[in-house]
Every structure is written in C-alpha cells, then in structure tokens.
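The values are calculated or read from the model by the stated rules, or taken from the named source; none is laboratory data. This structure is a prediction, so every number in the text was calculated from the model and none was measured. Cβ placement follows ideal geometry from the backbone for every residue including glycine, while neighbour counts extend to all protein chains displayed.
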C-alpha cells in the first residue's frame, strides 16, 4: 500500500515574555521562539496550505469553469473569451462561484517611466527651440497641454497592456449569497503532501479547501501581529522590516 507523507500545519502563537507559555525562558529565548514561529508561518505553514490544498482545488474549479465558458461564449482569434461567464456549485452547504472573463493587465511602472521620458524630451526640445503642437514655450519654461499629455499616456498604456483570461473563485453562503465567513476556530490541519489529492472537485475536498483558507487567514493574522510588534518595539521602518524578514528566512 502506497504511503503518503503528511504534515500537520498548526497555528503559531506569539509567546509573551513573562507569560505562562514563557515560564522558564529568558527574554532572548522568547524572542528566538517567536522568530522561529514567524519563520514557520512564512516558509512552511502557508506555502504547504497553498501548494497542496488551496491552489490545486482552486485551479481544478477554475479549469472546469473556463472549459464551460469557452463552450458558452467562445474565444476570439487571440484565444481571449468573447464575454463573461459565471457558474456555481453547491457543496456541503457552501456555494462555490467561478467567474471567467477577459481583462487587461497594464504595466503601470513602464507607463510612468515612458511618461517621464516623454516630458523630459518635451523640455529638451523646448530648450532647443523645437516646436510641438501640444506644447508651448513661455519665457524659459515649457508648458504642455493636458489633452496632449493624456493622449500620450493612453498610447503608452495601450503599448504596455496585455489581454488575458481571468478566473475568480468565491465561496458564498447559499442562503444570503454573501461571502462565506472563514472558520475562526480552526488551529491545525493535516495536509497530505500529494499534489493531486485536492485536484478533484468534490464535497470532501471542498471542506478541506475551506479549512485551509481559514487556517491560512489566521496564520496571516499571526504574521501581521508579529510584524507590527517588531515595528512598535524596535521602531523599525517598513523597509527595515523587509530586511528583518530576509534575515529570518535565511
């Protein structure tokens, strides 16, 4: 019989110096313990929940919905959906809703960089005596008409945008059609290290998916509380906090 390795993912806790959990520990040992818990949450707990439960189940649901969307609304010549398509499925009291639709991703960093380069060119041309239809030189300063600038920004946006198909998965309460609250009581979950285990849409996996999302959310709250504690205790800037993360992870 094939044996599948598993990992029990637990909600890490912040140990307070002088508290019951810190009995017999020095302040340095308490700090090290909390740092290890933080590292566990970032490097082990959440990645395990993502890789073996949340992503496989989500992808399976989305792929099924996309196949239905292709049949219902079709694709254009570039493989982009011709419209929006939504489907839902009820599993053990939870309504899973998937929406598949065409959308556009714009590289705003590139657009801003191109805009800056454009403005620099306008200023340089003005100083060199070059006349542009959308700009004027008044005394020694260059002025640009806002319509001209917006047109150029629109062009940069079009040149640095990519169309693609997107699928969103939401879990709702079938009675209210509102977002289903996460389980605020879950503290641990056994995760089998088998990528295909949750790649099937069924009732059992839907329960595991909801548990994994709930536990992941609670771990994120722990990570946020730890980071906030570092900021408050040591006066670390957000940039400095990123350095702390790198030190912990390495």
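Observations, loosely collected:
- Yes/no for residue 160 being over 27 Å from residue 49 (Cβ atoms) and in contact with a strand residue (DSSP E or B) (Cβ under 7 Å, 6 or more places away or on another chain): yes
- Contact map, the range 195-206: first residue without any contact (Cβ under 8 Å) to a residue 12 or more places away in the chain, second residue loosely packed, with under 12 Cβ neighbours inside 10 Å and outside any helix (DSSP H, G or I), Cβ cut-off under 8 Å, separation 6 or more or different chains; the map is empty.
- Every listed requirement among (1) in contact with a helix residue (DSSP H, G or I) (Cβ under 6 Å, 6 or more places away or on another chain); (2) at pLDDT 95 or above; (3) not in a strand (DSSP E or B) is met by residue 38 save one, (2).
Listed here are the residues, each with its yes/no results for (1) part of a loop (DSSP other than H, G, I, E, B); (2) within 12 Å of residue 91 (Cβ to Cβ).
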site: 174; (1), (2): yes, yes
site: 185; (1), (2): yes, no
site: 194; (1), (2): yes, no
site: 199; (1), (2): yes, no
site: 206; (1), (2): no, yes
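- Scanning the range 73-102 for residues that are surrounded by fewer than 13 Cβ atoms within 10 Å (Cβ to Cβ) and farther than 30 Å from residue 175 by Cβ yields 74, 76, 77, 78, 79.
- Being more than 26 Å from the chain's Cα centre (by Cα) and either without any contact (Cβ under 8 Å) to a residue 24 or more places away in the chain or on the phi > 0 side of the Ramachandran plot (or both) is a property that residue 175 has.
- Test: residue in the range 107-126 that is part of a strand (DSSP E or B) and either touching a strand residue (DSSP E or B) at 6+ places or on another chain (Cβ under 9 Å) or within 30 Å of residue 40 (Cα to Cα) (or both): no
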